[in-house]
Amino acid sequence: MKKIKIIGLTGTNGAGKGEAAAFFRRHGYESYSLSDILREELNRRGLALTRDNLIKIGNELRQKYGADILARRTWPRIKSQAVIDSIRNPGEVAFFRRQAQFILLAIDAPVEIRFQRILNRGRAESVQTLAEFKAKEDQEKSTNPNHQQLQACLALADYLIINDGTLEEFYQKLARFL
């Protein structure tokens, strides 16, 4: 039986993972975000959908159920080739590599560009300054196996795209990746 083809997305906050997922959707991929599992959990608990709460609940679920819990809860939803956003733990990468034909794509950009992007998108990011943004990002670089391990995921990536230009230039890079 042929395995489902999955493109996993990892990368820093504001790098363009959401834009990449939208690009792949337009090219016939189903789209999922591991953060959707966290949003559902926050809604179930009646908690605000903030970045701080997403990080806290994700770490809590990993601690209680294992580092790959978000991947395991997402997997049954996948029916055909898919792009999966918000991969932030090596356990999630390992799970998908066992289940599917899996390619991990990392997306990054200079921190100043990413900070400006998150300010422009207007979500509940809980940061107002570049220094706060960098400090929050450091929380995502844990070495605790049950927390976000963004650096470890970046190191596991099969491909890296630096999104430091226009949206059109980013789309061209993604098209070359495909």
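Residues in the range 16-37 that are of a type outside the set (D, E, K, R), out of contact with any Lys or Arg (no Cβ under 8 Å at 6 or more places or on another chain), farther than 20 Å from Asp138 by Cα and part of a helix (DSSP H, G or I): Gly18, Ala20, Ala21, Ala22, Phe23, Phe24. Take the residues of the range 142-161 that are crowded, with 16+ Cβ neighbours inside 10 Å and part of a strand (DSSP E or B): which is modelled with the lowest pLDDT? Top of the filtered list is Gln149. Considering the range 126-141, the residues that are surrounded by 14 or more Cβ atoms within 10 Å (Cβ to Cβ) and part of a helix (DSSP H, G or I) include one that is modelled with the highest pLDDT, namely Leu130. One residue stands out in the range 56-73 among those that are charged (D, E, K, R) and closer than 30 Å to Glu132 by Cα: the one that is surrounded by the most Cβ atoms within 10 Å (Cβ to Cβ), namely Arg62. Of all residues in the range 38-52, those being at positive phi and in a helix (DSSP H, G or I) number 0.
Check the range 74-90 and report whether any residue there is surrounded by 18 or more Cβ atoms within 10 Å (Cβ to Cβ), at positive phi, of a type in the set (S, T, N, Q) and touching a residue at least 60 places away in the same chain (Cβ under 8 Å). Looking for residues that are surrounded by 18 or more Cβ atoms within 10 Å (Cβ to Cβ), at positive phi, of a type in the set (S, T, N, Q) and touching a residue at least 60 places away in the same chain (Cβ under 8 Å), one finds at least one in the range 74-90, hence yes.
Are any of the residues in the range 22-37 more than 17 Å from the chain's Cα centre (by Cα), in contact (Cβ under 8 Å) with a residue 40 or more places away in the chain, surrounded by fewer than 18 Cβ atoms within 10 Å (Cβ to Cβ) and within 24 Å of Leu104 (Cα to Cα)? Yes, because at least one residue in the range 22-37 is more than 17 Å from the chain's Cα centre (by Cα), in contact (Cβ under 8 Å) with a residue 40 or more places away in the chain, surrounded by fewer than 18 Cβ atoms within 10 Å (Cβ to Cβ) and within 24 Å of Leu104 (Cα to Cα).
With the condition kept exactly as written, say whether any residue in the range 87-101 is in contact with a His (Cβ under 8 Å, 6 or more places away or on another chain) and within 18 Å of Leu54 (Cα to Cα). Within the range 87-101, one or more residues are in contact with a His (Cβ under 8 Å, 6 or more places away or on another chain) and within 18 Å of Leu54 (Cα to Cα). Just give me the residues in the range 64-92 being hydroxyl-bearing (Ser, Thr, Tyr) and assigned to a loop (DSSP other than H, G, I, E, B), in sequence order. Selection gives Ser80, Ser86.
Is it true that Asn53 is over 20 Å from Lys173 (Cα atoms) and loosely packed, with under 15 Cβ neighbours inside 10 Å?
Working: over 20 Å from Lys173 (Cα atoms): yes; loosely packed, with under 15 Cβ neighbours inside 10 Å: no.
Here the answer is no, as Asn53 does not meet what is asked.
The values are calculated or read from the model by the stated rules, or taken from the named source; none is laboratory data. As the structure is a prediction and not an experimental result, all values here were calculated from the model. Every residue, glycine among them, receives a Cβ derived from its backbone with ideal geometry; neighbour counts consider all protein chains shown.
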